[in-house]
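Shown next, in structure tokens, is the structure this report addresses.
The values are calculated or read from the model by the stated rules, or taken from the named source; none is laboratory data. This one's a predicted model, so the numbers in the text were calculated from it and none came from an experiment. Cβ: placed from backbone, ideal geometry, glycine included. Neighbour counts: every protein chain shown.
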């Protein structure tokens, strides 16, 4: 998406004579040379590695009883070493795509080996225990090979652990297993920084949001919802305000820190809608939500598109919600549509005015 937008902008600038065509081509070439850039070929190689890993494990599992135990264990351990050894050789020769595929096959084989050997020797343990060991092995390999692909695998394994809590504990809040989730998210973030796999950080951010929502539903209290809204608001202001000491670091991380903290604040306010469903409480929470939406646009709307659109959606949705819960009950369905149309029209006018103001501010900054 970014490359396509950049390519269109560069083409427009070339037509206007702002830059030369060779310069535009060089900029696109430099972008494509980055390891984090999307490549259809590398994606297909990774997909093939996952499918081959699944095929190997299914083949071994289907003929499990016919293979002697020692041969079974030796085969699985041998495959793990072969895949990791092949990855080391491929990295030495500069074949990063194939090395990533080999590492994925080795890591997937390790997880399958734990499961199959556990069944073979009737080892006790929960699915979450296996996911923890699998995650640790994948993280170790990601550090050893500085692999962005394995960093992505650790992100998915962290989600696998979180989901496994549903089968092991029925998502009941248990302190130690619950605290493993944010610990895994922090490990994934550290791996993202170490391996430069920037896109994987979204898995960690989303995992933390899911964990916090799980915390709310496990405790189901007004203070918890308020705490989520406050933590999100404080985090958003720290990430978005230029006066904040962590703003430079958050800005280098892109739009994600401000967006996810803003989303957490909106989630907390949304949960407060569940807690306060009477008219006065609903109105107070609604006003606070609209203030939060406008504030998010004012703080980061000019430079952060995802925060801007989130603010628009929350603001418009809150107005429609309040209209449906108050005006709609008084004047009926037809009146509700009329009022909603007027409200949406007013919201559109307010958004246009706000965007003009942001554009004017951007022009002043450039001047």
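Consider only pairs whose beta carbons are under 7 Å apart and that are at least six residues apart or on different chains; among these, list those whose first residue lies in region 247-263 and is closer than 19 Å to residue 229 by Cβ and whose second residue is at pLDDT below 85 and outside any helix (DSSP H, G or I).
258/304; 259/304
One line per residue, one yes/no per condition, for (1) at pLDDT 90 or above; (2) in contact with a strand residue (DSSP E or B) (Cβ under 6 Å, 6 or more places away or on another chain); (3) under 19 Å from residue 45 (Cα atoms); (4) surrounded by fewer than 17 Cβ atoms within 10 Å (Cβ to Cβ):
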{"site": "135", "(1), (2), (3), (4)": "yes, no, no, no"}
{"site": "142", "(1), (2), (3), (4)": "yes, no, yes, no"}
{"site": "149", "(1), (2), (3), (4)": "no, no, yes, no"}
{"site": "157", "(1), (2), (3), (4)": "yes, no, no, no"}
{"site": "189", "(1), (2), (3), (4)": "yes, no, no, no"}
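Please pick out the residue among 350, 359 that is at pLDDT 65 or above, surrounded by fewer than 17 Cβ atoms within 10 Å (Cβ to Cβ) and either part of a helix (DSSP H, G or I) or under 33 Å from the mean Cα position of the chain (by Cα) (or both).
350
Among the numbered criteria (1) under 23 Å from the mean Cα position of the chain (by Cα); (2) closer than 19 Å to residue 243 by Cβ; (3) surrounded by fewer than 20 Cβ atoms within 10 Å (Cβ to Cβ), which single criterion is violated by residue 306?
(2)
Checking residue 250 against (1) more than 26 Å from residue 322 (Cα to Cα); (2) within 17 Å of the chain's Cα centre (by Cα); (3) at pLDDT 85 or above, which test does it fail?
With respect to (1) more than 26 Å from residue 322 (Cα to Cα); (2) within 17 Å of the chain's Cα centre (by Cα); (3) at pLDDT 85 or above, residue 250 is out only on (3).
Scan region 195-210 and tell me whether some residue there is at positive phi, loosely packed, with under 15 Cβ neighbours inside 10 Å, assigned by TED's automatic domain parsing to the domain that holds residue 148 and touching a helix residue (DSSP H, G or I) at 6+ places or on another chain (Cβ under 7 Å).
Within region 195-210, one or more residues are at positive phi, loosely packed, with under 15 Cβ neighbours inside 10 Å, assigned by TED's automatic domain parsing to the domain that holds residue 148 and touching a helix residue (DSSP H, G or I) at 6+ places or on another chain (Cβ under 7 Å).
Taking into account only those residues within region 268-281 that are part of a helix (DSSP H, G or I) and touching a helix residue (DSSP H, G or I) at 6+ places or on another chain (Cβ under 6 Å), which is modelled with the lowest pLDDT?
Going through the qualifying residues, I end up with 275.
Of these, 245, 257, which one is within 22 Å of residue 159 (Cβ to Cβ) and either outside any helix (DSSP H, G or I) or assigned by TED's automatic domain parsing to the domain that holds residue 303 (or both)?
257
State whether one or more residues within region 61-76 are part of a helix (DSSP H, G or I), modelled with pLDDT under 70 and over 23 Å from residue 148 (Cα atoms).
yes
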